[in-house]
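First comes the structure, then the notes that go with it.
The values are calculated or read from the model by the stated rules, or taken from the named source; none is laboratory data. Everything quoted here is computed from the prediction, not taken from an experiment. All Cβ positions, glycine included, derive from the backbone under ideal geometry; neighbour counts span all protein chains shown. For accessibility, only protein heavy atoms count, side chains too; no ligands or nucleic acids. Shrake-Rupley method; radii C 1.70, N 1.55, O 1.52, S 1.80 Å.
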Amino acid sequence: NTIVAGVDERDRVKYDGEHMYLLNWDRVQAFRMSADAAAVAVDTVIVDAFDAYGGAGLYLLPGESPLLAAVGGGNAFVWFDLIAEPWFWNTNTSVEVFDISDPGDIRVDSSFTVSGTLTDSRRIGDQMLLITRYTPAIDGLLPYTSDADEQAANKTLIDALDIDDLLPEITYRSGETENLVTVANCFLP
């Protein structure tokens, strides 16, 4: 269902007029649909980046070659008690893009992982927008200090950090990693 014209939302089911694609937790299943609405399974592919609860939704991507993107990652609905804790937002968001030119032989086209928990996403035209929430993890930082010595140790640790240590990263399928944003384009509340 499209609520706003030209803005596609992730769905667990996508249909291209001939094939239906279903995101079933950690796998994408393809079905050929017939005129009588019968579905014939033609392929299933495991989404390596998702755990059993990690799949959030699918997007059909426009272009010369048909592509299907699966978006997901850390799963907020399991952790309601932790949602208020900023350290909960240290999970990653993954995107796996599949070549569906032959729905009976779905192949990975590309993939990447972004630091932060997926909160929402949209596709507008040929751009997919990911909205993530990220809190940096700082080794040795005590989130709840109980005395002046622990506070001083935290301050020393934070003062020694490079700003790049605090920025979210994007990791490509090749293993190459880079900062997702620069200091100049960050909003700090």
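The set of residues in the range 22-41 being buried (at least 16 other Cβ atoms within 10 Å of the Cβ) and either more than 18 Å from the chain's Cα centre (by Cα) or part of a loop (DSSP other than H, G, I, E, B) (or both) consists of ASP26, GLN29, ALA30, PHE31. The set of residues in the range 14-40 that are among the β-branched types (Val, Ile, Thr) and in contact (Cβ under 8 Å) with a residue 12 or more places away in the chain contains only VAL28. Checked against (1) more than 24 Å from LEU118 (Cβ to Cβ); (2) open to solvent by 50 Å² or more (accessible area, probe 1.4 Å); (3) of a type in the set (Asp, Glu), ASP48 meets all criteria but (1).
Table: residues versus (1) out of contact with any Leu (no Cβ under 7 Å at 6 or more places or on another chain); (2) open to solvent by less than 40 Å² (accessible area, probe 1.4 Å).
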site: ASP109; (1), (2): no, no
site: PHE112; (1), (2): yes, no
site: MET128; (1), (2): yes, no
site: THR135; (1), (2): yes, yes
site: LEU141; (1), (2): no, no
site: ALA148; (1), (2): yes, no
site: ILE158; (1), (2): yes, no
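Take the conditions (1) open to solvent by 70 Å² or more (accessible area, probe 1.4 Å); (2) at pLDDT below 95; ASP102 misses just one of them, which is (2). Taking the range 31-60 as the range and being touching a Gly at 6+ places or on another chain (Cβ under 7 Å) and at pLDDT 95 or above as the test, the residues that pass are VAL42, ASP43. Restricting the search to strands (runs of 3 or more DSSP E) fully inside the range 119-187 and requiring at least 2 residues that are of a type in the set (A, V, I, L, M) gives 127-133.
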